Structure formats: C-alpha cells, structure tokens
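Below: one structure, written as structure tokens.
The values are calculated or read from the model by the stated rules, or taken from the named source; none is laboratory data. Computed from a prediction, not measured in an experiment: that's the story for all the values here. Glycine also receives a Cβ, built like all others from the backbone with ideal geometry; neighbour counts cover every protein chain displayed.
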Amino acid sequence: MNEYSIVPQPLAIQYLPGFFRCSALPAIKTPEKSAFQGEIQVFTDQLKDAWSAAHNSGGNDGEIRLLKTETASAEEYYRLEILPEGITLAAGTGAGIYRGLQVLRQLFLSGYEAGSLSVPCGVIEDRPRFPWRGFMLDCSRYFYSVGFIKKLLDALSLHHVNVFHWHLSDDQGWRLPVESYPLLTEIGSKRREHRLWDEFSGGFYTKTEIKEVVSFAAARHIEVVPEIDLPGHASAILAAYPGLGCTGGPYRVEDRFGIFEDALCAGNDGIFPLAEAVFDTLAELFPSRYVHIGGDEVLFNRWAECPKCRKRLSELGLSEPAQLQGWFTARIAEMLKQRGKTAIGWDEILDSIGKFPLPKDTVVQSWRDEEGGNRAAALGHRVIMSPQNKGCYLDYKHIDQAEEPGRLRIGTVVQAYSLDPVTPTMDKTAASLVLGGQGNLWSEIIYAGRIAEYMIFPRICAIAEALWSEKNSRDPANFARRLKVHQRRLDKLDLLQYRGPLD
Ligand SMILES: [Zn+2]
C-alpha cells in the first residue's frame, strides 16, 4: 500500500519517507493515566479485527502516543503523525481522539499482512465539514437484534458517523417499552405475517437493551436520537389502544406496507397523555437533546370525516383538516421542550401549518427532496438533509437490475457521493442552519441483518465522505480507487457488501 486510501478523505495528508512497522499490537500511551481510557479500550477491542489472534501477544515493538492538545481548531479535530519510531495522535477532546483512532484502525486493517503491520509514514490533519453525520435504521419494519445494531454502529463509527437515528415505531411494530401503556409492547410489538402462513414476528427492546445500545454508541462518540412517528404511521399504537383512532377500529399491527389512512385522532385528548408517557420514557433512556417525532405521510381523510376532529377544527378556528397537524406538532414540540428536548420532524411538518407555526428551534429533516430543507432553512429552522433522490435512501436498489435487492427507485453509490446538504439555492444564513445529513435504511423488504449490510455498504461510505470531507476534495474517481482498498477492510469486519458498478 503506497497511499492511505482513507474513507472519508481527511482534510490534509502529507506523506513522509519510510514506514511504521511492527509485528505485535502496539502499546498505547497517554501522558496522564486517566486520559482517553474509554477510547483506548474500544480501540484495543477493535484492533483484534485487524490483528490475527496469533499475534495478539509478544513484545511491544511499536508505540502509539495519545496527546491532549489545547489548540484544536474543532471539537472533532485530530492530528495523526506516523513515523518509523512511533505514532502520535493529538486532539482536544475524546471525540477527536476517537476519530483519529478510527483512521488508524483503517490503516491497520489494510496494512496488516501475514503477521506484521506496515503503514507508510505521514502526517494527517482532519476535522469534519458538518457536525451531523447520521444513519437511520428502521427497526419497526424489521426488528434488528441488539447484537446486529452494535456491529453496525461499530462499523459506522469507522467512517466518523456520529448520529444513530433509531426509528422505533411505525405501522408494522412498536419497539419501546412504556410502563403506563403496556399494550404498546404487548400488542403493538408483534404482527401476524399473513404471507408466512400466519407466523408472528416482532418484539421490543427492553430498557436494559436500550441503555446498552446508547452506552455502546456513546463509547464510539455516536449520539442516539430516538424516533417515535406521530401522528401517522400509527397502526401499532392504534392496534394496542383503538380508542385513540378516529373510527375506533378494529386496527391491526400491519404486515402490509404503504401509507395507511388511520392516524391518531386529533380530536381525542387521550393522545396527549400517551405522548407524555412516551416522552418521559425517552427522556429517561436517551441522553440526546433531540427526539424525532416523525410527522411524515399523514393522510387527512379520517380527520376530515371524524366528528371529534371536526369539532377540534372549529374550536381552533382552522379551515383545513391538514392544519390540525401544525397544531399537533406545536403541542408535542412544547411537551418535549418541557423535558429539555428539541423536536426533529420529517419535512411534512412544514406543510399546512395554518396558524400554528412550527416552533423556531424545531429541526426539519428533508427527505422527499431538497426542497423541504430549503424551505425550512429560509424560515430559520435548522436542517438535516437526507433527500431520497440524492442517494440517501438505502432501501433503493444500487443499480437498475432485476436481481438486485431494493425497491421503489435506484440510488447509486455515485449519487450518494454527490450529496451536498448545502444546496445551490441557500444563502449564507440558510447554509449556516444546515447541521448535516443522513443515510436512511427503511426495512420493508429487509428480513435479515445480512441484507441490511448489503444495502448499507458501501453507500454509507460515500455519504459519510460527503458529510465529513471538504467539498473541494470531492473526486469520484479518486473515491472509487480508495473504496476498493476500503471495501477489503470492511470484509475483515465481516460485512456483506454490494460490489457492482458504482453508477
Ligand atoms: Zn378524529
């Protein structure tokens, strides 16, 4: 290996003559014993991926020194110096140290051959372009195991992904235990699979498991943002508590996919104690200051026909049933604020707001295209970009081939690589409101973690680079060359990957 082939591409690399070589795990040293112990522990565990077990013991003939620098230019800044006599990693924070260690992990994964490690000498300086580099996993349509989620988070952190958007509820299953609403999990977490001879599938994450995921992620400097989708995509809630729907049911936890007419009844005050109980549970389990409230794909015909919703509409002096969503969003955003949380919603929360404008601090996640993000930023909202037409939807096919898994559309690796969360129509103020972007894996057609891996990799590598690296370093041909080396690293992490044309 003559080049580092790091993904995402660092800000600056200067190659120096010579190689850092060693045949045993290098010792990691810190100036103070207490510094960066969490990061060192995670990295040491990860190194076992790069090193074969046979070479785990033996004399230390290499050394990695970690330094805390007071002059870091950004929170996640790091400087990595690789010399024949040893490696020095300097950063101002644990997050910076962790990002630098992941780059080192990449170099070790590709530099380890037949019992010894060889890495070209050089100096790398790096920091991210955007603070929000996310990945969403839909755990409603497919109920992924905690073990799989941890494997995925660990691999994502290799690419400096720092937000795990955990989609915990949808029509096809509710995954969060809420003590005062036990039927949410008793009924709402399981669905009858009519296609599979009436098998049941599903489950939910226990509080212990959720805390385990949150702390596993935190150790990798990933923030976990939970999503509970309201007021639409609510079949699982309604199956558990049919009184909260406009018609009273019967409802079922869906095993079909699509957009369903039934939503929480906007005229029923009972929906708010449920939301309060859910938010209390989220506040207890998730330290993140954000809660994603969904808000997408609400069909308003039930609200239009429902006497309770019509009564609410006239009490509020609204003209269109759709405007009830603006009222609902403002109300639950306020509930979150009382718990010290900030709401994030899909871009539909900007539609039909009527006389209840979206609270200013609400973050808008653009998904239908970039337009929602443009509009949100123009209105002064912070924005997360994950437009489905820019390669951010990882359930789409990689290429247009009948044999490829995926649905709805095509989203190539090159398309994902071309993502730019700051769009040409944004002025400077609007651009400053863009937090970053995400890759999203909806799981309607996924029935095993292995298939999820194939859909995620390597598209998430491209998205991670689009979010981390400077725009002027964007070079698809160069990325494709680095990706070849990088995919062999991911093989060592036992990830199933798409290997076909990138475009
Ligand atoms: Zn209603």
Would the range 82-90 turn up any residue that is in contact with a Phe, Trp or Tyr (Cβ under 9 Å, 6 or more places away or on another chain), part of a helix (DSSP H, G or I) and in contact (Cβ under 8 Å) with a residue 24 or more places away in the chain?
-> no
By residue number, the members of the range 285-298 that are more than 16 Å from the ligand (Cβ to nearest atom) and within 30 Å of Arg195 (Cβ to Cβ) are His292, Gly294, Gly295, Asp296, Glu297
Going through the range 162-212 in order, the residues found to be at positive phi and part of a loop (DSSP other than H, G, I, E, B) are Trp197, Asp198, Gly203
Within the range 354-372, restricting attention to residues that are touching a residue at least 40 places away in the same chain (Cβ under 8 Å) and closer than 22 Å to Val413 by Cα, which residue is surrounded by the most Cβ atoms within 10 Å (Cβ to Cβ)?
-> Gln365
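Quick one: in the range 439-481, which of the residues that are aliphatic (A, V, I, L, M) and not in a helix (DSSP H, G or I) is farthest from Arg195 (Cα to Cα)?
Going through the range 439-481, the residues aliphatic (A, V, I, L, M) turn out to be 441, 445-446, 448, 451-452, 455-456, 460, 462-464, 466-467, 477, 480.
Within this subset, residues satisfying the condition of being not in a helix (DSSP H, G or I) are 441, 445-446, 448.
On the way: Leu441: 23, Ile445: 13, Ile446: 15, Ala448: 16 Å.
It comes out as Leu441.
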Picked from the range 299-330 (must be in a helix (DSSP H, G or I) and away from the ligand (no atom under 15 Å from the Cβ)), the residue surrounded by the most Cβ atoms within 10 Å (Cβ to Cβ) is Thr329
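Residue by residue, here is whether (1) of a type in the set (Lys, Arg); (2) in contact with a strand residue (DSSP E or B) (Cβ under 6 Å, 6 or more places away or on another chain); (3) surrounded by 23 or more Cβ atoms within 10 Å (Cβ to Cβ); (4) at pLDDT below 95 holds:
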site	(1), (2), (3), (4)
Glu212	no, no, no, no
Glu227	no, yes, yes, no
Ala239	no, no, yes, no
Gly248	no, no, no, no
Only one of Asp361, Asp347 is at pLDDT 95 or above, acidic (Asp, Glu) and touching a Phe, Trp or Tyr at 6+ places or on another chain (Cβ under 8 Å), namely Asp347
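Scan the range 242-257 for residues that are within 20 Å of Glu305 (Cβ to Cβ) and away from the ligand (no atom under 13 Å from the Cβ) and report the count. First the steps, then the outcome.
Keep residues of the range 242-257 that are within 20 Å of Glu305 (Cβ to Cβ), which gives 242-251.
Subsequent filtering for residues that are away from the ligand (no atom under 13 Å from the Cβ) retains 250-251.
The qualifying residues number 2.
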Please state which one of Leu238, Leu282, Leu274 is aliphatic (A, V, I, L, M), within 14 Å of the ligand (Cβ to nearest atom) and part of a helix (DSSP H, G or I).
-> Leu238
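Could you grab me the full set of residues in the range 258-271 that are in contact (Cβ under 8 Å) with a residue 24 or more places away in the chain and away from the ligand (no atom under 16 Å from the Cβ)? Explain how you work it out, then say what you get.
Narrowing the range 258-271 to residues in contact (Cβ under 8 Å) with a residue 24 or more places away in the chain: 259-268, 270-271.
Of everything in the range 258-271, just one residue is in contact (Cβ under 8 Å) with a residue 24 or more places away in the chain and away from the ligand (no atom under 16 Å from the Cβ), namely Ile259.
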Hey, Phe143 at pLDDT 95 or above, under 30 Å from Pro387 (Cβ atoms) and either surrounded by fewer than 23 Cβ atoms within 10 Å (Cβ to Cβ) or β-branched (Val, Ile, Thr) (or both) or not = yes
Check Gly243 against each of (1) among the small types (Gly, Ala, Ser); (2) in contact (Cβ under 8 Å) with a residue 60 or more places away in the chain; (3) under 28 Å from Leu324 (Cα atoms) and name the one condition it does not meet.
-> (2)
